[in-house]
Structures are given as C-alpha cells and as structure tokens.
Amino acid sequence: MKRTLSVLLSLLIMTGILAFYGCNKNNSSVSSTASDTSSNSVAKVSYPLRNKGDESQKYGVYYEIFVRSFADSNGDGIGDLNGVTSKLDYLKSLGIQGIWLMPINPSPSYHGYDVMDYNSINSDYGTIKDFQNLVAKAHSDGIKVIMDFVVNHTSDKDPWFIASKDPKSKYRNYYHWVSQNDSSVDFDSETPWNSKEWHSNGDGYDYFAMFSDSMPDLNYDNPDVRTEIINSATKWLNMGVDGFRLDAAMHIYGANEPSTGSMSRTDKNLKWWNEFAIACEKVNPKVYLCGEAWQSQQVLPEYAQPFDTKFDFSFQSNLMSAVPNNIAMLADQSLADAFADSLKQNTDIDKKFIDGVFGANHDINRIMSQVNENVSEAKMVANIYMTLPGNPFIYYGEELGMQGQGKDENKREPLLWSNSKNSMTATWESDSDNSGIEPADKQMTDKDSLFNYYKSLIALRKAHPVFFSGTFTSINANTNVMGYLRQDSNEGIYVFNNLLNEAVTFSAKDAKFGNILFKTNDKCKINGTTITLDADASIIIQQAK
C-alpha cells in the first residue's frame, strides 16, 4: 500500500510539472517552482531535463528485427548483420523508415538480453565493421538504425560481475551485494511474476537480480556504473546509431531494489534517464530514445518525459483483446476513447511525446496467433495501429503473417525468405509454427498478399503526415466500430474500423466526407454521412474542406 501511494503521489507531481518542463530549451539544472493550473499544486524538479529538439525529425515506420532469425548470410544457420544488410532492399520496398535491432552485444544466451560486453558485437552476428557497414547502407537507403541497449542488468558471465564476487574488487559496488546477516533486507521479496529477487553466491552474500539469477542488476547509485553506460552509448552513437530501445526502463531502480537517499524510485529512474538522454544529445542532438516501461495495462505516463517514445502496451493489450472478440467497446468505454485517454495522459506530461504503437513484439504472441489465423482480423489490427498517432513498430514477419505463441522461442522463429535451398533463411530454431506460410519472395509478387497489404498501409501513412503527428479525436458513431478523426493544419482524415464479424451501417452525422483514400473492399461505401462497412473492414476518408 505504501508503495502504491508513493507511485500515485509521484504521478500527481510529475503530471503538474513535466508538461511545463518537457520542452525545456536548455539542459541547465532545473530547480524552479512550477504550478499545475488544473489543481494549483506546486512541486519542484531538482535535476536537469533533456531537450528533445524537433520531434518531427523522429517520425517513421519502424521494424523490429531479431537478428538471429532474420537472414543468414554465411550459411551457419544463424542470422547475422550482413544478412540484415542484404535485406535492406526488402525493407525499403515495404516502406520501412527505421529498424530496431534486438540485442547485438556478446551474450551467452540465444536472445541476448544478458549482455557480457556493452562495447562489442556478438560474434554470432559478425563484427564491428559489419555493423558499421549496415548502418552506412541503411542510412544511404533512408533507413534509421536503433539498437537494443540492455542496461538494467548484465549477464552473470560479464567480467564485471565475475570480478565483483571479490569483496575487494573495484567492481564489487557495480552490483548489489548484501550479507545474508543483514536484517534490514527482505531476502524473501519477489518480483511481480512471483520469482526470487535475491540470489546466493554460496559465500554468505546474496546479490540482487530481478529477472533471473543469471541477470544481476547493476547498481545505479554507483557513479562509475552511470559513466560506463554513458561511455558505451557514446561509442555507438559515434558509429552512427540513431538511437536506442531501452529495455526494462522502469526497473533501473526497481520496486525492491536497494537504493540510497530519500528520492522515490520512480523519480530516481526519471533522473537517470534524463542524465542518459542529455549525454546522448551531446553526441547526436537528434537521438531517438524508445523506452520499455511496461506494467500490466497501466499507462505509466511519467515515462513519456525522458523518452521520445514509450511503447503503448496499455493500448496494445486493449487492441488485441478487442479485435479477436469482435468488440469495439471495452468494459467502461469505447476502444477509441481508451486510446484517446491514454494518449492524453502521455501528452499532458510531454507535448513532444511520440507514441509507440504496435500489435505484437518479441515478448507477446504474434498477431496471427492472437487472432486464431484469421487474416481479416490480422489486417484489422494493422489498419488500426497503422493509422494512430506516433510511430508504428512492426515485428519482423508480421507482414508475412508469421505465427508464434507460448515460449519466447516460438515468437522468434526464423523468417522464411524462399523455399529454395539458398534462401538465407536461418535454421537455428525450427519453423514449426511457420512452415506453411507463403515465403517472402512469393508474397512480394502477389498483389493480394499480406506483405502488399502492409506495404499499401505504410505508403498511405507516409503520404499523409497527419497520421504521424495529427490530433486524435474519437468518433463513437456505432458500438461495433472504432472511429476517429486525425487532423492537422493541412488536412483531416476519418478512419472507421468495423470490428464485428458482420456488416454494419451507421451514420456519422457531423462528418464532412471527401475522397475515399482506402477501403478494405467494394462492400465498404459512403452515402452522404451514412457508412456501410463489411465484416472486419475499414474505410479511410479525407475530410472535405
């Protein structure tokens, strides 16, 4: 209960001040008093806040790549960086404007989220030179590159952690080591997923590791740790990386993690991420930082301030509940209103916030699996998240209809490029969930394929910048339809998505319809302000001027 009250209090404080300081024009230390005019509350921020610069330079359609499963250039069964480089033409054809590489640092695991060296490349994936070549080629194709930066914890095989087992080592304080005789520590504390957080080293000392005993948490109260992480980020930025996806962002100072000082853990997280962002902006003022702040269906708007983009797990959960169940109404509001509320919570904190909208990622069952292989519903998910504000993130293979659910490896199977023997398809993991799908080479030439469906949606989005940055207004004209108006100073666009598995006809009384930009099929029609939508169908219409 005390923790809950602390978080609520922090949220109220941040809501009043971060909207004021989110556009702070310099990085000087902020210690001014700011008022929240809606509640007349007064609070202070005593640490520097980043300057995000021009957010319009950071818009784009992004594509998440698990390198191990993407494309194998040397025939060893493992996808690699040269494989990604060789497939940039495929991504350019799809219309992608940025790629997010899942962890590429050395790691003892297949997934890479337990890093052993922040300054090197996993040898399975190639070399620093291969990486530099990928970045250069991507940039020449107009594609930005962001990389996963996993800095909440390291691998237990990291030389830092190995050295830290010696109480006299300078690395001892890089982690949280506590004597088992310390009565002030609750060694029985558990994570939100009911696993142990304290782990014995067998010598009378325990170390803190939230995610696994093989992933010890770094101690960010140690300034040397902060310096090490910033120095590593600087190295990658100097090599041309456009930004980072920042894993487990809210757990730098976790709920039960040892921490010094009186500042709340949430505020300490925000202070660190601003420090990190300011350091990155000194290297690249246009750096793009995406934070993973995920806690059930909570919006966590306070994390909108330090990051350019925060992944919208709250709406993703609502979306992937609504579409397979053929409902546009949640328990107490419409799907469109739920998105509008979530977006407002974030933009109230920071007007430059860019939402991260998606249907699936490496931790979540794939879209096609969530909709029980219903292609029309898979298209509906794309119709919705590809027309929302912010930056859409497509998980590799979603554009081909890849499936995968359950254990993580199932969600990360190799992408099927071709049925030929020399197709560059990785073989490190079986493709048991995807052996029957049409491969990429065939889908690219099939005008009715899911690939070309995604391609058309991406092209539409890129042709109308209002989709990235325009306002979002929900339109609740029919309980089965998610409707909304996207608007900026240049144009307005209506989007109506029928989530019901049968046709609907309804009136949008106040709408001013112009040209139809997109419709799922010819059964979708407008007559005055009356709209008819086929089952699981969408229509996108320009607003008449």
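Values quoted throughout were computed directly from the atomic coordinates according to the rules given, and no laboratory measurement underlies them. Computed from a predicted structure; not experimentally measured. Every residue, glycine as well, gets a Cβ built from its backbone with ideal geometry; the counts of neighbours run over all protein chains shown.
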Across all directions of projection, what mean area in square nanometres is found for the Cα convex hull of region 206-254?
-> 4.2
Among M402, N422, N391, the residue whose Cα sits farthest towards the positive end of the charge dipole of the chain, when +1 is placed on the Cβ of each Lys and Arg and -1 on the Cβ of each Asp and Glu, is N391
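Which value, in debye to the nearest 20, describes the size of the charge dipole of the chain about its Cα centre when Lys and Arg Cβ atoms bear +1, Asp and Glu Cβ atoms bear -1, and nothing else is charged?
The dipole of the chain has a size of about 1820 debye.
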Distance between region 496-545 and region 143-163 - C-alpha centres, whole angstrom = 48
Taking region 292-357 and dividing mean pair separation by its residue count, relative contact order in percent (alpha carbons under 8 Å, at least six apart) = 44
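Fewest first, what order do K52, K271, K447, K137 take by the number of other Cβ atoms within 10 Å? Don't skip to the end; give the middle numbers.
On the way: K52 26, K271 20, K447 8, K137 16.
Lowest to highest Cβ neighbour count: K447, K137, K271, K52.
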Sorting V150, Y47, F70 by the position of each Cα along the dipole of the chain (Lys, Arg +1; Asp, Glu -1; all at Cβ), the one nearest the positive end of that ordering is Y47
Expressed in µm² per second, the diffusion coefficient of region 471-543 from the Stokes-Einstein equation, with Rh the Kirkwood radius over alpha carbon pairs, at 25 °C and 0.890 mPa s, is 205
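State the dimensionless ratio Rg/Rh of the chain (Rg: radius of gyration of Cα atoms; Rh: Kirkwood radius). Each step should come with its number before you reach the end.
Working: Rg = 23.8 Å, Rh = 24.5 Å.
Reported Rg/Rh (Cα atoms, Kirkwood Rh): 0.97.
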With label points set 7 Å from each Cα along the Cα-to-Cβ direction at S179 and I128, the distance between them in nm comes to 4.3
What ranking do L270, L517 get, fewest neighbouring Cβ atoms within 10 angstrom at the top?
-> L517, L270
Going residue by residue through region 118-130, the Karplus relation 6.51 cos²θ - 1.76 cosθ + 1.60 with θ = phi - 60° gives ³J(HN,Hα) values, rounded to whole Hz and with x marking Gly or Pro, of 6, 10, 10, 9, 4, 4, 4, 9, x, 10, 4, 4, 4
Between the Cα axis of helix 335-349 and the main Cα principal axis of the chain, the angle (0 to 90°, nearest 10) is 40
Near K165, which lysines are there with a Cα under 19 Å away, not counting those fewer than 8 places off in the same chain?
-> K157
Around L517, which amide H atoms from residues at least 5 apart in sequence, or from another chain, sit under 5 Å from its own amide H, with H modelled in the peptide plane?
-> I540, I541, Q542
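Please give the net charge around S430, taking every other residue with its beta carbon less than 13 angstrom from that of S430, where Lys and Arg add +1 and Asp and Glu add -1. Walk me through the numbers on the way to the answer.
Details: positive: K407, R412; negative: E409, E413, E429, D431, D433.
With Lys, Arg at +1 and Asp, Glu at -1, the net is -3.
Please give the charge dipole size of region 152-195, origin at the Cα centre, charges +1 on K and R Cβ atoms and -1 on D and E Cβ atoms. Round to the nearest 20 debye.
Values: 5 positive and 7 negative charges, 78 e Å.
Its charge dipole is roughly 380 debye.
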So, counting K/R as plus one and D/E as minus one, what does the shell of residues with Cβ under 11 Å around V371 add up to?
-> -1
Over what distance in Å are the Cα centres of region 216-237 and region 361-440 separated?
-> 34
For region 268-418, what is the largest minus smallest coordinate of the Cα atoms on each principal axis, given in angstrom and ordered from greatest to least?
-> 46, 42, 25
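How high is the relative contact order of region 399-545, in percent, counting Cα pairs under 8 Å that sit 6 or more residues apart? It would help to have the intermediate numbers written out before the result.
Working: 261 pairs, mean separation 22.9, N = 147.
It comes to 16 percent, rounded to a whole number.
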Which of the listed residues, T479, Y494, Q543, is farthest toward the dipole's positive end in region 471-543, when Lys, Arg count +1 and Asp, Glu count -1 at the beta-carbon?
-> Q543
Distance in nm between K157 and N515 label points, each 7 Å along Cα→Cβ, equals 5.6
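What relative contact order, as a whole-number percentage, does region 288-419 give when Cα pairs under 8 Å and 6 or more residues apart are counted?
Once divided by the residue count of region 288-419, the mean separation gives 23 percent.
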Using a Förster distance of 35 Å, the FRET efficiency for E373-Y110 (Cβ separation, nearest 0.05) = 0.85
